[in-house]
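Beneath this line is the structure, given in structure tokens, with notes to follow.
Any read-out appearing in this document is the output of simple, stated calculations on the displayed coordinates, not a laboratory observation. Predicted model only: the values in this text are computed from it and were never measured. Cβ: placed from backbone, ideal geometry, glycine included. Neighbour counts: every protein chain shown.
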Amino acid sequence: MTSTEPVLSVSDLNVTFPTDDGLVQAVRGVSYELHGREVLGIVGESGSGKSVTSLAVMGLLPKTARVSGSVVFEGKDLLKLSEKEMNKVRGHGIAMVFQDPMTSLNPVYTVGDQISEAITAHHDVRRDVARKQAVELLDLVRIPNPQQRAKEYPHQLSGGMRQRVVIAIAMANNPKVIIADEPTTALDVTVQAQILEALQTAQQETGAAMVLITHDLGVIAGQADRVQVMYAGKAVEAGTVDEIFYTPRMPYTLGLLGSLPRLDIKSERLTPIAGSPPSVINMPPGCPFSPRCPLSQDICDQEEPMLEAGTNAGHFAACHFSEQVAGRDPADLFHPTSIDIAEPLPAAVNPGEEPS
Ligand code: ADP
Ligand code: MG
């Protein structure tokens, strides 16, 4: 982390969707700062508001969404920009990598053309120069035979290769921030580690900061500097990767850790969190995790805890009983399943290692 101004600063972001069933409170008071070259992991189960948060940052929410708070990038509040101004920010300032690469690629143009177009859109270079750079970018994200592949259409490439092309386009735009929303979720486990590596390359080559969004805490481990855990539209814990993995202070984070298969423990039981995330329509008062929380007391159903710093200034948790979480093993709190893991786990659960 640096002491300089953050490149991206999200403050008290709220996003609601009025629907026939009631008000969907998709994002509730989310704040984060992203500093230069930093990787922030955002993790949480499906429906916790991760994608809506990033879509709000990118100005890509549907018109029905009601948004408040601020998203400051290069001194400007993105929530106040016109569509034309936002178009400049997208791609050039902030690039996005989605779960499905086909949402970013055009099926009727070759991948080489799409990368060179991204280059010429932002730099005053000749077409043949851009084409050469496109091939170099494909090589950087480790696409074999880049010269040949540049002439192919997206459908001729595998899912993993398409995602590398999207990453190459992100690099071509030379962004300050890359937001990757579940970039490996749709891909085969053996490809996941390679995509994360390509993202690292993109980040290093461009000097961009990155927001890496995933439902899988395992993906974060080898990648992020800091982590923000989300639940029911809210950040419920935030800290360095070590704080989150070794001294979590929110029972939900401990639960996520317990449901994570680990390669460093031979035979181990998984402790999934029973139940499912709450609906974020017309939410009741209290802590949304309370119905699933083994530490829940009466107060948890009456008063939603604030995100507060503990003894470590940068480590925040939203739990009335965060002191009781310290040093606990997930299996103490949550009930382990009876199935022992005998088989070795797929490589992608530990993104630090290349699949063999
Ligand atoms: P995540 O990415 O963490 O899985 P999302 O950010 O996509 O979750 O969604 C957060 C919540 O907002 C979910 O309950 C989802 O159903 C709701 N939501 C997302 N988009 C819309 C929309 N356009 N209209 C109504 N509700 C929405
Ligand atoms: Mg999502």
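Computed values, structure above
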{"read-out": "Using a Förster distance of 35 Å, the FRET efficiency for residue 188-residue 9 (Cβ separation, nearest 0.05)", "value": "0.45"}
{"read-out": "Among 276, 290, 70, residue whose mean-square fluctuation peaks in a GNM of the chain (springs only between Cα atoms under 10 Å)", "value": "276"}
{"read-out": "Simple label model, 7 Å out from Cα along Cβ direction - residue 109 to residue 276, nm", "value": "4.0"}
{"read-out": "Mean shadow area of the stretch 27-116, taken as a quarter of the surface of its Cα convex hull (nm²)", "value": "7.6"}
{"read-out": "Lysine pairs meeting the criterion (Cα under 16 Å, 8 or more apart or interchain), as found in the chain", "value": "9"}
{"read-out": "Computed lengthening from residue 81 to residue 19, 0.36 nm per intervening residue step minus Cα-Cα distance", "value": "19.7 nm"}
{"read-out": "Inter-probe distance in nm under a simple model that places probes 7 Å from Cα toward Cβ, at residue 298 and residue 122", "value": "5.7"}
{"read-out": "Ratio Rg/Rh [Cα only; Rh per Kirkwood] for the stretch 4-76", "value": "0.99"}
{"read-out": "Reciprocal of mean inverse Cα separation for the chain (Kirkwood radius, Å)", "value": "21.4"}
{"read-out": "Residue-span extension gain [residue 151 to residue 92] - 0.36 nm each, minus C-alpha spacing", "value": "18.8 nm"}
{"read-out": "Within the stretch 1-126: Cβ-based charge dipole about Cα centre, in debye rounded to nearest 20 (Lys, Arg +1; Asp, Glu -1)", "value": "160"}
{"read-out": "Longest segment of the chain lacking trypsin sites (Lys or Arg not before Pro) that sit in a DSSP loop with at most 11 other Cβ atoms within 10 Å", "value": "127-265"}
{"read-out": "Zone of residue 70's modelled label, taken as backbone nitrogen in the stretch 12-40 under 20 Å from a point 7 Å along Cα→Cβ", "value": "12-16, 28-36"}
{"read-out": "Mean separation of Cα contacts under 8 Å (6+ apart) over length of the chain, as relative contact order %", "value": "19"}
